[in-house]
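Below you'll find the structure, written out as structure tokens, and then a few comments.
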Amino acid sequence: MENASKALIIAGAILLSILIIGLGMFIYQQAADAMGGANLDSEQANAYNSKFLTYADTQKGTAVRALLDVVRNHNNINVDDPSEQVGFIFNSDNSADHGSGSPNTDEGLDDPVDSAALTTIKSSIRAGRTYTVTFVYAKSGKIKCVVVNDKVDNP
């Protein structure tokens, strides 16, 4: 009888140990999923932005025209999801703003830019001129608007 009670105590201790180890693994997996989700969002934003970031900073007019084509294709692919649409603002010395919104505020940056407006902007961009390309980011880290400014030192 004494051996049987010791065996039951040992079996209970083993079951309690397995329960504690299982609980620890559960907590670890929950924490790992939370951390993995944060990294996944930033990786998705980087993948989303990569096609636009090659055109950042100072660019010639031909590169800006290519960027317009990238924006147009991107918006056509994501026509059913307005949150994935990328806006475009072109500021030139000799013309009014094209596109929507202002680069200094969020006003109008969520408005989609249609293909006709992009074609009009594209015709305003001169191949030999130099432009500055910057981006406006959403809270998710994805680009929501491309801002192109005509450089002051252009001839």
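The values are calculated or read from the model by the stated rules, or taken from the named source; none is laboratory data. Keep in mind it's a predicted model, so treat the numbers as computed, not measured. All Cβ positions, even for glycine, are placed from backbone atoms using ideal geometry, and neighbour counts span all protein chains on display.
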Among all residue pairs at least 6 apart or on different chains, which show Cβ distances below 8 Å where the first residue, located in region 77-92, is within 13 Å of I125 (Cα to Cα) and the second is part of a loop (DSSP other than H, G, I, E, B) and modelled with pLDDT of 85 or more?
-> F90/I125
Within region 127-140, the count of residues that are surrounded by 14 or more Cβ atoms within 10 Å (Cβ to Cβ) and under 8 Å from the mean Cα position of the chain (by Cα) comes to 1
Counted residues, region 56-72 - those being touching a helix residue (DSSP H, G or I) at 6+ places or on another chain (Cβ under 9 Å) and within 16 Å of I143 (Cβ to Cβ) = 8
When residues of region 45-62 are filtered for being more than 11 Å from the chain's Cα centre (by Cα), in contact (Cβ under 8 Å) with a residue 24 or more places away in the chain and not in a strand (DSSP E or B), how many remain?
-> 4
Starting from region 112-140, keep only residues that are in the same structural domain as H74 (by TED's automatic domain parsing), then list their pairs with residues that are among the aromatic types (F, W, Y) whose Cβ atoms are within a distance under 7 Å, requiring at least 6 positions of separation or different chains.
-> V113/F88; L118/F88; I121/F88; I121/F90; S124/F90; V133/Y55; F135/F52
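Condition first: under 19 Å from the mean Cα position of the chain (by Cα) and either on the phi > 0 side of the Ramachandran plot or modelled with pLDDT under 90 (or both). Can you find one or more residues in region 112-122 that meet it? Lay out the reasoning, then the answer.
Initial filter on region 112-122 (under 19 Å from the mean Cα position of the chain (by Cα)): 112-113.
In the following step, the residues that additionally are either on the phi > 0 side of the Ramachandran plot or modelled with pLDDT under 90 (or both) were identified as 112-113.
So far as region 112-122 goes, yes, one or more of its residues are under 19 Å from the mean Cα position of the chain (by Cα) and either on the phi > 0 side of the Ramachandran plot or modelled with pLDDT under 90 (or both).
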